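Colleague: The structure's right below; bear with me while I get my questions together.
The values are calculated or read from the model by the stated rules, or taken from the named source; none is laboratory data. Since the structure is predicted, the reported quantities are computational estimates derived from the model, not experimental observations. Positions of Cβ are backbone-derived with ideal geometry, glycine not excepted, and every protein chain shown enters the neighbour counts.
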Amino acid sequence: MNAKPTEYVVFDVETTGLSVQGGDRIVEIAAVRVKNWKIVDTFESLVNPQRGLPVEAQQIHHITEEMIAGAPTADQILPKIIDFTGGACLVGHNVKFDLNFLCFELSLIGRKLREGTPAIDTLKMAKALLPHLTSFRLAHVAHSLGAAVEETHRALPDVKLTAKVMKRLMDIATDQNIDTFRDLYKNFGVIKPNFKIEQMNHEFVF
């Protein structure tokens with residue numbers, strides 16, 4: 001199966017911090033469905049984490065407590081991403097971070113992504129295909145590939161930028177004979193976590 005016509009869902013989350021096990025939560029999620037390298041659908045929402053939002057996090061993504069105060073909670077909004085993604089391949093820059101948060105949050109309400117949902121990491125792609133770069137931050141990779149960088153560290157702009165980066169990296173991968181989805185996943189895929197509710201410390205269940 002050729003990798004290029006495959007349908008992808010590029011997604012990103014912004015969070016209160018870096019650790020799901022430490023009680024950090026999602027404050028924003030965005031995703032775009034990409035078919036034949038065109039965005040055909042968009043999903044975006046702020047999320048009320050039902051906990052405080054550290055100043056350090058606000059300085060990174062510029063999401064404030066006032067902005068999320070009236071937003072839907074995770075149990076109200078995150079199950080919708082299951083239908084949005086369907087059976088498409090998920091894509092993200094350092095996608096394991098985003099998958100950890102999404103899968104953890106879904107598991108808290110007894111939900112999970114569909115079985116067999118694959119995920120591709122553009123960070124892994126960039127490190128393998130552009131080893132000469134001095135930084136693999138999304139904006140730096142995008143600049144190196146000639147993709148225009150506008151706003152960053154908000155979910156939807158990062159998602160749209162990741163989609164551009166993915167297409168350019170895919171062209172490079174094809175030149176290196178990584179031109180089927182099987183090869184793509186073998187080289188750049190990640191395994192999504194499988195959180196089980198009975199294994200969780202109840203202090204993390206809000």
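Colleague: Here are some residues: VAL141, VAL159. Which one is under 19 Å from the mean Cα position of the chain (by Cα), within 19 Å of ALA31 (Cβ to Cβ) and modelled with pLDDT of 95 or more? Explain how you work it out, then say what you get.
Modeller: On the way: VAL141 fails: within 19 Å of ALA31 (Cβ to Cβ).
Of the residues listed, the single one that is under 19 Å from the mean Cα position of the chain (by Cα), within 19 Å of ALA31 (Cβ to Cβ) and modelled with pLDDT of 95 or more is VAL159.
Colleague: I've got another one for you. Being within 14 Å of LEU53 (Cα to Cα) and out of contact with any Pro (no Cβ under 8 Å at 6 or more places or on another chain) is the filter here, so list the residues in region 25-39 that pass it. Give the derivation first.
Modeller: So the first thing to find is which residues in region 25-39 are within 14 Å of LEU53 (Cα to Cα), and the list is 25-28.
The one that is within 14 Å of LEU53 (Cα to Cα) and out of contact with any Pro (no Cβ under 8 Å at 6 or more places or on another chain): GLU28.
Colleague: Restrict the check to region 55-69 and report whether at least one residue is within 21 Å of PHE195 (Cα to Cα), in contact with a Leu (Cβ under 9 Å, 6 or more places away or on another chain) and surrounded by 13 or more Cβ atoms within 10 Å (Cβ to Cβ).
Modeller: Of region 55-69, the ones within 21 Å of PHE195 (Cα to Cα) are none.
No, because not a single residue in region 55-69 is within 21 Å of PHE195 (Cα to Cα), in contact with a Leu (Cβ under 9 Å, 6 or more places away or on another chain) and surrounded by 13 or more Cβ atoms within 10 Å (Cβ to Cβ).
Colleague: List every residue pair whose Cβ atoms lie under 9 Å apart, where the two residues are 6 or more positions apart in sequence or sit on different chains, the first residue falls within region 89-112 and is over 21 Å from GLU7 (Cβ atoms) and touching a residue at least 40 places away in the same chain (Cβ under 8 Å), and the second residue, located anywhere, is in a helix (DSSP H, G or I) and among the acidic types (Asp, Glu).
Modeller: Short answer, once both residue conditions are applied: GLU105/ASP75; LEU108/ASP75.
Colleague: Could I ask something else about it? Quick one: what pairs do we get from region 60-76, first residue more than 26 Å from ARG111 (Cα to Cα), second small (Gly, Ala, Ser), C-beta under 9 Å, 6+ apart or different chains?
Modeller: Correct list of pairs: HIS61/ALA155; ILE63/ALA57; GLU65/GLY52.
Colleague: Take the residues in region 142-192 that are polar (S, T, N, Q) and outside any helix (DSSP H, G or I); name whichever of them is surrounded by the fewest Cβ atoms within 10 Å (Cβ to Cβ). Quick ask: steps written out before the conclusion?
Modeller: Narrowing region 142-192 to residues polar (S, T, N, Q): 144, 152, 162, 174, 176-177, 180, 187.
If we keep only those that are outside any helix (DSSP H, G or I) too, we end up with 152, 176-177, 180.
Numbers: THR152: 14, GLN176: 11, ASN177: 8, THR180: 15.
Among residues in region 142-192 that are polar (S, T, N, Q) and outside any helix (DSSP H, G or I), the one surrounded by the fewest Cβ atoms within 10 Å (Cβ to Cβ) is ASN177.
Colleague: Going by what's in this entry, would LEU123 be described as modelled with pLDDT of 95 or more, within 14 Å of the chain's Cα centre (by Cα) and of a type outside the set (D, E, K, R)? So that I can check it myself, show each step before the final result.
Modeller: On the way: modelled with pLDDT of 95 or more: yes; within 14 Å of the chain's Cα centre (by Cα): yes; of a type outside the set (D, E, K, R): yes.
Criteria met by LEU123.
Colleague: I'm trying to understand the selection: among the residues of region 17-38, which are in contact with a strand residue (DSSP E or B) (Cβ under 6 Å, 6 or more places away or on another chain) and more than 16 Å from ILE81 (Cα to Cα)?
Modeller: Kept after step one, since they are in contact with a strand residue (DSSP E or B) (Cβ under 6 Å, 6 or more places away or on another chain), are these residues of region 17-38: 24, 26-34.
Scanning region 17-38 gives a single hit, ASP24.
Colleague: Continuing with this model, one more query. Answer yes or no as to whether GLY92 is exposed (fewer than 13 other Cβ atoms within 10 Å of the Cβ) and of a type outside the set (A, V, I, L, M). So that I can check it myself, show each step before the final result.
Modeller: Values: exposed (fewer than 13 other Cβ atoms within 10 Å of the Cβ): no; of a type outside the set (A, V, I, L, M): yes.
So GLY92 fails the test.
Colleague: Right, something else. Taking ARG51 as meeting all but one of (1) surrounded by 14 or more Cβ atoms within 10 Å (Cβ to Cβ); (2) in contact (Cβ under 8 Å) with a residue 40 or more places away in the chain, write down the number of the exception.
Modeller: Answer for ARG51: the failing condition is (1).
Colleague: Can you confirm whether region 64-76 contains a residue that is in contact with a helix residue (DSSP H, G or I) (Cβ under 9 Å, 6 or more places away or on another chain) and at pLDDT below 95? Reasoning before the result, please.
Modeller: So the first thing to find is which residues in region 64-76 are in contact with a helix residue (DSSP H, G or I) (Cβ under 9 Å, 6 or more places away or on another chain), and the list is 64-65, 71, 74-75.
Those still in the list that are at pLDDT below 95 too: none.
Among the residues of region 64-76, not one is in contact with a helix residue (DSSP H, G or I) (Cβ under 9 Å, 6 or more places away or on another chain) and at pLDDT below 95, which makes the answer no.
Colleague: Now a separate question. Name the single residue that is modelled with the lowest pLDDT among those in region 16-50 being in contact with a Phe, Trp or Tyr (Cβ under 6 Å, 6 or more places away or on another chain) and under 18 Å from LEU108 (Cα atoms). Steps first, please.
Modeller: Pass one, region 16-50, residues in contact with a Phe, Trp or Tyr (Cβ under 6 Å, 6 or more places away or on another chain): 20, 23, 26, 31, 34, 43, 50.
Among the residues that remain, those that are also under 18 Å from LEU108 (Cα atoms) are: 20, 23, 26, 50.
Values: VAL20: 91, GLY23: 94, ILE26: 98, GLN50: 96.
Filtering first and then ranking leaves VAL20.
Colleague: Further, regarding this structure: Six or more apart or on different chains, Cβ atoms under 9 Å: show the pairs whose first residue is in region 131-160 and more than 20 Å from VAL32 (Cβ to Cβ) and whose second is surrounded by fewer than 11 Cβ atoms within 10 Å (Cβ to Cβ).
Modeller: HIS140/THR134; SER144/HIS132
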